[in-house]
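Participant: Take a look at this one; I'll ask things after.
Each value in this text was obtained by applying a stated rule to the coordinates, not by laboratory testing. Note that the coordinates shown come from a computational prediction; the quantities given were computed from them, not determined experimentally. Glycine also receives a Cβ, built like all others from the backbone with ideal geometry; neighbour counts cover every protein chain displayed.
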Amino acid sequence: MPDAMPDPAPIAICALQAELEAQAAHLAAQLGLPQLPTATHAKNCKAARALLLLGPSSLSLQLTGSPAPGPVTVDFGAAGMRHRRSGGHNELLGRAIGVHKKPALRVLDATAGLGRDAFVLADLGARVELCERNPVIAALLRSGLQAAGEQGDPWLGAVTARMQLREVDARSLPVEALEGIDVIYLDPMFPQRDKHAAVKKEMTLFQLLLGSGDDSGDSLLAWALQQAVARVVVKRPRKAPPLGGRKPSHLLSGKSVRFDVYTLGSFAEE
C-alpha cells in the first residue's frame, strides 16, 4: 500500500524571484513557516493551503488550488483605499470614534487585521496604534506600511506616518503603553457579512490563520472596558447582538454594519 501523502501545511513562504530567496528564508525562519521553491504557482501547489508570496516591493497571501483566487495584499495606496476616503462608512466610523472631539485623537486598534479602518482613522487625523497578534497578518501590515512610505506620495506618507504597528495581542500591552490612548477600537471576526468574492477570500484566509472558532472578541471587550480610556467602539453586523451581551451606551448604524459605543469618560484636553 503506497504511503499516504502528508497533509499540506497551512501556510508556506515562496519568493517570487530568485534574488529574494535569502530574504524569504529569513522571513520563513522568523515566522516558523516552511519555504517552497521560488515561483511556486498557487494553482498547482499541494504542499500548503496558502502561500505567503514575497515580491520585490510587497508581501501577499494567496489561497492555493484551482481555481486559486487572487492574492491579498495590504496596499494603502490602492484605488480602493483612496475611494474609501469619500465613503459614508468613513463618516460613521469617524463619528463613532469621535475624531472631531479632540485634535490628534489617539486610537488603539486592538484588532488591526488588514489595517483598513485604522488607515481611514489616520486619514481623518487620528494617531492610530495597530495591534495584530497573528504574525503572518502582522507581516502583511508591516510590508504595506513600508511600501506606502516608499511611494513618494505626500498624502499617503502623511497618513501612514500616523500609524504605528505593534505585533502583539493588545491585552498583553503594559499599562504605560496605554497612557494617552483616548479610544480602543475593536472589529472582532464574526460570521461573514458580505457575499462579495473578495470578502469571502479574505475571510477564508483569516479563518485559516486564526481558526473559524476564534472567540477572543468577548474577552477583548471585557479587557478594553477596564482601561482608562474615554470610549470603546466595537464594529458589529447591523442586526447582530452586542458583543458579549454588553449593552452599549449608544450606537451608530449603517446599511450593513453598526458601531457600538461604550462611553467611559470624557476626552482629556492636551
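Participant: Apply the Karplus curve 6.51 cos²θ - 1.76 cosθ + 1.60, θ = phi - 60°, to the phi angles in region 248-256 and return the couplings in whole Hz, x for Gly and Pro.
Facilitator: x, 5, 7, 9, 10, 10, x, 6, 10
Participant: Residue by residue, what Karplus-based ³J(HN,Hα) values in Hz, rounded to whole numbers, does region 221-235 have, using 6.51, -1.76 and 1.60 with θ = phi - 60° and x for Gly and Pro?
Facilitator: 5, 4, 5, 4, 5, 8, 8, 7, 10, 6, 7, 10, 10, 10, 8
Participant: Separate question: Grab the Cα-Cα distance for E176 and R246, subtract it from 0.36 nm times how many residues apart they are, and report the gain in nm with one decimal.
Facilitator: 22.5 nm
Participant: Enumerate the amide H contacts of A9 below 5 Å, restricted to partners 5 or more residues apart or on another chain; note that Pro and chain-start residues carry no placed amide H.
Facilitator: A48, R49
Participant: Something else now. Non-local amide H neighbours of R106 (under 5 Å, H modeled in plane, Pro and chain starts lacking H): which ones?
Facilitator: Those lying under 5 Å, H to H, from R106 are R127, D182, V183.
Participant: Over all pairs of distinct alpha carbons, what does the Kirkwood formula give as the hydrodynamic radius of region 9-73, in Å?
Facilitator: Evaluated on region 9-73, it is 11.4 Å.
Participant: Looking at the chain, what % of its DSSP beta bridges pair antiparallel, to the nearest 5?
Facilitator: Approximately 45 percent, going by the DSSP bridge assignments.
Participant: Filter the trypsin sites (Lys or Arg not before Pro) in region 234-270 down to the DSSP loop ones having no more than 12 other Cβ atoms within 10 Å, then list what survives.
Facilitator: R238, K239, K255
Participant: Separate question: For the chain, what number of Lys pairs, 8 or more residues apart or on separate chains, have alpha-carbon atoms under 21 Å from each other?
Facilitator: Value for the chain: 16.
Participant: Could you give the length gained by full extension between A79 and K239, i.e. 0.36 nm per residue of separation minus their alpha carbon distance, to one decimal place?
Facilitator: 54.6 nm
Participant: Which ³J(HN,Hα) values, rounded to whole Hz and listed in residue order, are derived for region 160-172 from phi using the Karplus coefficients 6.51, -1.76 and 1.60 in 6.51 cos²θ - 1.76 cosθ + 1.60 with θ = phi - 60°, glycine and proline given as x?
Facilitator: 5, 5, 8, 10, 10, 8, 10, 8, 7, 5, 4, 5, 9
Participant: Right, something else. Under 1.5 on a/c is rounded, so check that first for region 79-263, then, if it is not, pick prolate when a/b is larger than b/c and oblate when it is not; a ≥ b ≥ c are the square roots of the alpha carbon gyration tensor eigenvalues.
Facilitator: Verdict is rounded for region 79-263.
Participant: May I pose another question? Of all beta bridges DSSP finds with both residues in region 9-73, what is the antiparallel percent, to the nearest 5?
Facilitator: Beta bridges within region 9-73, antiparallel portion: roughly 50 percent.
Participant: Considering amide H positions built from the backbone, and no H for Pro or chain starts, which residues 5 or more places from R258, or on another chain, come under 5 Å of its amide H?
Facilitator: R236, R238
Participant: Once you have a ≥ b ≥ c as the square roots of the Cα gyration tensor eigenvalues for region 201-263, tell me rounded if a/c is under 1.5, and otherwise prolate or oblate according to whether a/b is larger than b/c.
Facilitator: Since a/c reaches 1.5 but b/c is at least a/b, the shape of region 201-263 is classed as oblate.
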